[in-house]
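So the structure is just underneath, and the comments pick up after that.
Read-outs throughout are calculated quantities, based only on the coordinates presented, and are distinct from any laboratory measurement. Predicted model only: the values in this text are computed from it and were never measured. Here Cβ is always computed from backbone atoms with ideal geometry, including for glycine, and neighbour counts include all displayed protein chains.
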Amino acid sequence: MSKNGTGLNSADAAAEAIIQWGESQSIETCFDRADRIKPCPIGASGACCRVCNMGPCRLVGARAEEEAVGVCGATLPSVAARGLVRMIAAGTAAHSDHARDMVLTLLAVAEGEAKDFAIKDVAKLHKVAGILDIEVADRPVNDVAREVALAFLDDYGRQKGALHYLARAPQKTRERWERWGVAPRNIDREIAEALHRTSVGVDHDADHLLTHGLRTALADGWGGCMISTDISDILFGTPTPVRAEASFGIFRQDEVNIVVHGHEPTLAEMIVEAASEPGLVDYARSKGAAGINLTGACCTANEVLMRHGIPTAGGFTNQELAIMTGLVEAMTVDVQCIMPALTEISKRFHTRVITTSEKAKITGAEHVQYDERKAKDVARQIVRMACDNFPNRGAAGSPSPATSPLIGGFSHEYIEYMQGGRFRGSFRPLNDAIISGRIRGVVGLVGCDNPRVPAMGLHRYLAMELIKNDVLVVSTGCGAAACGTAGYLTPEMALESAGPGLSEVCEVIGIPPILHLGACVDNSRILTILTAMAAEGGLSDEIAGMPGVGIAPEWMSEKAIAIGCYFAASGVPVIFGGGSPVGASREVTKIMTETWLERFGGAVHFEPDPERMLEISLDYIDRAREGLKLKKYEPGRFEPDRVLVDMAARRDLGA
Ligand code: SF4
Ligand code: MSK
């Protein structure tokens, strides 16, 4: 029987074929381990506390929620809330530490210490400087970049005031944050305070704890994630639409295949350049290969796909399977979402697993220390290591021919540009399409893929159903990879599968109905899009009340919880798949679904059934439309377009 009770390990046929082949070879993957290791139901529902050595305390067996207490007397709501806040803190730490490295790289570039990098997008640097109130006129680019980097560093250590980027949010959204005391002061402080408050004997009021959880999450969304996105754009270029391919057929039989995996784009950008250097291509040939084929997995893949069209093997659950093709000479990893199982599985093949971050080593992997001051040299060393490994390739893998074409590269800036060009770009057409009912609403379909469900299957089901229902889908992270490997990220999808209104809009603008916005940190692009839609007018004048929903149907990472909570605090209802990590406490569940909705206009639900996820999302969208007094959504029946009065019409009026 299946690994998750459904008959399928992965909803992706190419992935499933490799998994099946692996089983025939007794190669264990995350799918086998997920089958073998059953989650503890007490911990899974938030009823287990292990923050001190009098425990772990399992708060079960009491008749009433308030009667279940740990040795210290901590109640079930406070234990469940503490667990969630710690997840938010960890997720925020991950994104924001990644962002800190981006800030330090920008500073090193500005100060001339990282000579292999340069500011690629000066316009974006100036835009960011403008938001930070930094003068740009007649100043050298690196001076501005230095000041921008120092301003962002201040966001990690300021003791008074609030994060710079909160000022980007709509006024009413900020007013809600002020009113409920969730405006973050600095990123590190909110994370540290979250850990302090949740340690033994400190904060024991569930609502109070969760409020700080939201403050920490906002430091992630409007801090770490947004900073990371913007600096990546400044250094490596703001994405514009680009063609790429996804799935396992991206690996070439006759070339040296390198996979960049993890989350940080810095070293990967250098590997992109190194892999096409004639000297290294010749080196690959000297080893018997026809060339060098650079590919990616997870979010490092998304970063280089968005900017260079580098193909992706897919998301989280495809990483082991990529090695099992037997075609990967080197998999170089940085931070986050890297399975330590990679080194074990690589022993069955010839793949060299290479760690590169000073923060992340894996037993059994080779380590090549990344250093931004000699980034290109490190990249060249890795490419050479991969070439050296080409002659070791055996015939032992399960190669797959599957590839799907895709279009990626939808930044906030490009989405604005495509709705009117360089001088007239705006969000007016999108807002108008929502107002007229051509587009019912917008869903951010994001987050991980997960071996505890048919991996990628929930993303694909929801993506397809949403676009059928005229909902524009924006996607990031492994959600985007799940859609990409299925062939959903093409403009043709609009004609084939989208509802009549969405299809018409996509055809006019020339976009797919599912837009790939980038890596997990690029969920910040969704915040800026929603803010621009609010500023454009005609819908809500804040993020709350927009016909928009976030769904993370297969989440597994703490980062996903941080993301969901910053969307909720910004005004977006969010639905997570799977069981609830606070499900043991009715009080905590109520705060996250009802109290947060009242205070912020956003909420967090956990719902394992994908059909219910769809229903809840459409219900939120339709209620938001009603709240905005928009036409009730009916497929194929739109309000007439707004008619702009041109000179000819004016003359007719005057006649
Ligand atoms: Fe148990 Fe309280 Fe310690 Fe948690 S903090 S483990 S509930 S004694
Ligand atoms: S990689 S956090 S599995 S989206 Fe960003 Fe994918 Fe989730 Fe990692």
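Remarks
- Cα→Cβ-extended label distance, 7 Å offset, between Thr363 and Gln381, nm: 2.5
- Relative packing of 543-550, 101-108, which averages over residues the other C-beta atoms within 10 Å, highest first: 543-550, 101-108
- Taking the fewest neighbouring Cβ atoms within 10 Å as the starting point, the ordered list for Glu277, Glu329 is Glu277, Glu329.
- As a proxy for reagent exposure, Lys160, Lys124, Lys115, Lys632 were ordered by neighbouring Cβ count within 10 angstrom, fewest first; the result is Lys160, Lys632, Lys115, Lys124.
- Cβ-based exposure ranking for Phe152, Phe390, in which fewest neighbours within 10 Å come first: Phe390, Phe152
- The range 248-392, relative contact order in percent, only Cα pairs under 8 angstrom and at least six apart counted: 29
- Under 26 Å between alpha carbons - lysine pairs in the range 272-376 that sit 8 or more apart or on different chains: 9
- The dipole here belongs to the range 434-510: it is taken about the Cα centre, uses +1 on the Cβ of Lys and Arg and -1 on the Cβ of Asp and Glu, and is about 240 debye.
- Overall Cα dimensions of the chain, principal axis frame, Å, largest first: 78, 75, 53
- In plain terms, the chain from Ala167 to Leu628 could stretch by 163.5 nm, reckoned as 0.36 nm per residue minus the Cα-Cα distance.
- Take each peptide in 48-59, 288-299, 601-612, count the other Cβ atoms within 10 Å of every residue, and average; sorted highest first, the result is 288-299, 601-612, 48-59.
- Computed [θ] at 222 nm, helices only, for the chain once each DSSP H run of length n ≥ 4 contributes -39500 (n - 2.57): -14000 deg cm²/dmol
- Sequence ranges 515-523, 180-188, ranked by mean other-Cβ count within 10 angstrom, highest first: 515-523, 180-188
- Under the Debye formula (equal points on every Cα, no solvent term), log10 I(q)/I(0) of the range 269-403 at q = 0.10, 0.14 Å⁻¹: -0.30, -0.61
- Relative to the current alpha-carbon distance between Met54 and Ser199, full extension at 0.36 nm per residue lengthens the span by 50.9 nm.
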